[in-house]
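The values are calculated or read from the model by the stated rules, or taken from the named source; none is laboratory data. Note that the coordinates shown come from a computational prediction; the quantities given were computed from them, not determined experimentally. Here the Cβ positions follow ideal geometry from the backbone for every residue, glycine too, while neighbour counts run over all protein chains shown.
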């Protein structure tokens, strides 16, 4: 089951994140794929807004992981881009799929051994200016 959605601006991408926050049960792992600047962090920002997280949501590229505890659910945001050399033995597996919340992973191909079989995949493709084609697979998104 896949759903393709066209977002025409950042606000719509965040609104898709709002809906995901409502749809996804605790323990869900979401794999985010797309080029640099495609809108992966923007989507996570929308999830955080819907969860009532007031902290500023930025890409965890240099931190690798950011953990947000002050919301309706825990939000784990991982950017595995810097783990390209498979140097992933830093304890991430303890946070992936937390039963208290949601885990969003950017560049999941770099830590594929840690990804559970049961996950949601979201691919964001830049189709010009602020437009994005967002393909969601693994949940019934309607």
Quiz item: Taking the condition touching a residue at least 40 places away in the same chain (Cβ under 8 Å), crowded, with 16+ Cβ neighbours inside 10 Å and more than 20 Å from residue 16 (Cα to Cα), does residue 134 pass?
Solution: no
Quiz item: Which residue, of 78, 57, is under 18 Å from residue 22 (Cβ atoms), surrounded by 12 or more Cβ atoms within 10 Å (Cβ to Cβ), under 12 Å from the mean Cα position of the chain (by Cα) and at pLDDT 90 or above?
Solution: 57
Quiz item: Can you name the residue in the stretch 110-128 that is free of Cβ contacts under 8 Å to residues at least 40 places away in the same chain and surrounded by 13 or more Cβ atoms within 10 Å (Cβ to Cβ) and is also nearest to residue 82 (Cα to Cα) among such residues?
Solution: 110
Quiz item: Condition test on residue 88, is it crowded, with 20+ Cβ neighbours inside 10 Å, touching a helix residue (DSSP H, G or I) at 6+ places or on another chain (Cβ under 7 Å) and modelled with pLDDT under 90?
Solution: no
Practice problem: Specify the residue that is modelled with the highest pLDDT; the eligible residues are those in the stretch 120-142 that are over 24 Å from residue 26 (Cβ atoms) and not in a strand (DSSP E or B). | Solution: 130
Self-check item: Subset of the stretch 23-53 (residues that are in contact (Cβ under 8 Å) with a residue 40 or more places away in the chain, out of contact with any helix residue (DSSP H, G or I) (no Cβ under 8 Å at 6 or more places or on another chain) and on the phi < 0 side of the Ramachandran plot)
Solution: 23, 24, 26, 28, 29, 35, 38, 40, 41
Quiz item: If residue 83 passes every condition in (1) over 14 Å from the mean Cα position of the chain (by Cα); (2) at pLDDT 85 or above but one, which one does it miss?
Solution: (2)
Exercise. State the number of residues belonging to the stretch 6-17 that are surrounded by fewer than 16 Cβ atoms within 10 Å (Cβ to Cβ) and in contact (Cβ under 8 Å) with a residue 24 or more places away in the chain.
Key: 4
Quiz item: Going by the structure shown, is residue 102 under 16 Å from the mean Cα position of the chain (by Cα), under 27 Å from residue 127 (Cβ atoms), buried (at least 17 other Cβ atoms within 10 Å of the Cβ) and modelled with pLDDT of 95 or more?
Solution: yes
Quiz item: Within the stretch 54-66, is there a residue that is in contact (Cβ under 8 Å) with a residue 12 or more places away in the chain and under 18 Å from residue 138 (Cα atoms)?
Solution: no
Practice problem: Could you tell me which numbered condition residue 36 fails, if it satisfies all but one of (1) surrounded by fewer than 12 Cβ atoms within 10 Å (Cβ to Cβ); (2) closer than 20 Å to residue 115 by Cα; (3) at pLDDT below 90? | Solution: (2)
